[in-house]
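Beneath this line is the structure, given in structure tokens, with notes to follow.
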Amino acid sequence: MAERAVKGNPEKALEQRFMAVNRDRLRRVFETMHPRQQAYVELVPLLFHVNHPLLPGYVSQETPAGVSDYSPGRAATSAARQLVRTFVYEHRMQRSYAIRGLYLMGSPGTIAYTRHSDLDVWLVHDPELPADAVALLREKARRIEEHSQGTGLEMHFFVFDAERFKSGQTLSLSAESSGSSQHYLLLDEFYRSGLLLAGLRPLWWAVPPAEEHRYDEYVADALRKRTLSARSYVDFGGLARIPAGEFFGGTVWQLYKSIESPYKSVMKLLLMEAYAAEYPKIGLLSHRHKLALLREGVTIDELDPYLAMYRKVEEYLTTNADEGRLRLLRRAFYIKTNEVLTQPPDPRQPPWRRETIEALTRQWGWDKQVLRHLDRRQRWRIDTAIEERRDLIKVLQKSYSVLSEFARRFATNKRITEKDLTILGRKLYAAFDKKPQKIDLI
């Protein structure tokens, strides 16, 4: 996986490692998809690079277009011709590009990604774009989201500029966006799991681990000395620490997300607990990831962000002798991977996922009876489902209690806006409040 370091240039050596991992994980994304989905993901950067009236997402010729440092490859132009037989890509030099980068966020290329997983895409635009141009870009993204469903993909675009994000201005709260509830926690997740689909590299990739604590100072010095060029990167900001106040908003957000994805939320809440237990010197997974990249001989499997998250939480729960929540964490992780070990392997899927999960379940001491029980969860009896739901709610409540107490002790500012807190509070109340004749969805 890793390429040889560039002598005398630690920034370039680190970037080479990031780019090597990026290529390997993108390859894993495409291996998991069927051909139509592969072609569509290849096509997405091209759709934002040009304004072709017959291609998906077209709004108008006034819609901002052009992706920095991007030239469509054969796969992208071939996918475009599958939709528009007469399509011909014409390369044009532009003085500036409306879109600085497209980044996949979360599970793509990890053990948790399956062909049924959705794709979250950060679309970072030029901060100089006027509001009406950004509105057109958002509309184009929405239309591409709709069109992608025809291939079986569920895509979500988050359109913003990195300068506003870096300054702490947040996206609007929605079913997919956490709004003001978290910033640094989200950035930590992006830095350990984000993939460059097209455009400029994140500047964080070029900052050595030893300089994390003085990120802004280091970047300013490198730009002044011209060892780094601002035009070659997107700067989402440094991540020296996570403010204590952000844990409250992050907790409320994950409780809301647990309504639809309880197992995923359990893992993320337990990770926040593990982080809170180490406060103020938190061993962030993004920092671990960057350090691991520099180890000679490290493999792509060792760098898997979801496995790293599991290991971190397992460490925390084992240290605290919390066997009950450790058992639920393992069930959550297994269910999130969506691998059915009691059935023959799918020959269309890459074998590495199954092999890794089989190795994990052997470490956990699971026998065929345990696996059969989890693999048949869609056919559980109602009393079994209710018992599992009760276990999940207990873990969610325990995490909420621990993290709320942490926020009371250490946070001077809850950081989430009153508006977002009110919206999330109403949604949680509607989901969990007990009322006469209310039917719970399990």
Single unsatisfied condition, residue 144 versus (1) in contact (Cβ under 8 Å) with a residue 40 or more places away in the chain; (2) in a strand (DSSP E or B) = (2)
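Specify the residue that is modelled with the lowest pLDDT; the eligible residues are those in the stretch 179-198 that are open to solvent by 10 Å² or more (accessible area, probe 1.4 Å) and not aliphatic (A, V, I, L, M). Give the steps one after another, and end with the answer.
As a first pass, look at the stretch 179-198 and keep what is open to solvent by 10 Å² or more (accessible area, probe 1.4 Å): 180, 182-186, 189, 192, 194, 196-197.
So of that shortlist, the ones also not aliphatic (A, V, I, L, M) come out as 180, 182-184, 189, 192, 194.
Values: 180: 49, 182: 74, 183: 87, 184: 91, 189: 95, 192: 96, 194: 97.
Filtering the stretch 179-198 for residues that are open to solvent by 10 Å² or more (accessible area, probe 1.4 Å) and not aliphatic (A, V, I, L, M), the one modelled with the lowest pLDDT comes out as 180.
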Can you pull out the residues in the stretch 35-90 that are part of a loop (DSSP other than H, G, I, E, B) and of a type in the set (Phe, Trp, Tyr)?
-> 58, 70, 87, 89
Can you tell me how many residues in the stretch 319-364 are open to solvent by 70 Å² or more (accessible area, probe 1.4 Å) and either farther than 21 Å from residue 116 by Cβ or more than 21 Å from the chain's Cα centre (by Cα) (or both)?
-> 14
From 92, 27, 23, grab the single residue that is more than 21 Å from residue 149 (Cα to Cα) and at pLDDT below 95.
-> 92
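Could we say that residue 262 is open to solvent by 40 Å² or more (accessible area, probe 1.4 Å), modelled with pLDDT under 95 and not acidic (Asp, Glu) here?
Numbers: open to solvent by 40 Å² or more (accessible area, probe 1.4 Å): no; modelled with pLDDT under 95: yes; not acidic (Asp, Glu): yes.
So residue 262 fails the test.
Could we say that residue 23 is without any contact (Cβ under 8 Å) to a residue 60 or more places away in the chain, open to solvent by 60 Å² or more (accessible area, probe 1.4 Å) and in a helix (DSSP H, G or I) here?
Details: without any contact (Cβ under 8 Å) to a residue 60 or more places away in the chain: yes; open to solvent by 60 Å² or more (accessible area, probe 1.4 Å): yes; in a helix (DSSP H, G or I): yes.
When the stated conditions are applied, residue 23 passes them.
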If residue 32 passes every condition in (1) in contact (Cβ under 8 Å) with a residue 60 or more places away in the chain; (2) under 23 Å from residue 349 (Cα atoms); (3) in contact with a helix residue (DSSP H, G or I) (Cβ under 7 Å, 6 or more places away or on another chain) but one, which one does it miss?
-> (3)
Out of 258, 229, which single residue is under 30 Å from residue 331 (Cβ atoms) and polar (S, T, N, Q)?
-> 258
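The values are calculated or read from the model by the stated rules, or taken from the named source; none is laboratory data. The structure presented is a predicted model; accordingly, all values stated were derived computationally and were not measured. For neighbour counting, all protein chains shown are included, and Cβ atoms are generated from backbone atoms with ideal geometry for every residue, glycine included. Areas reflect the complete protein model, heavy atoms only, side chains present, ligands, DNA and RNA absent. Shrake-Rupley method; radii C 1.70, N 1.55, O 1.52, S 1.80 Å.
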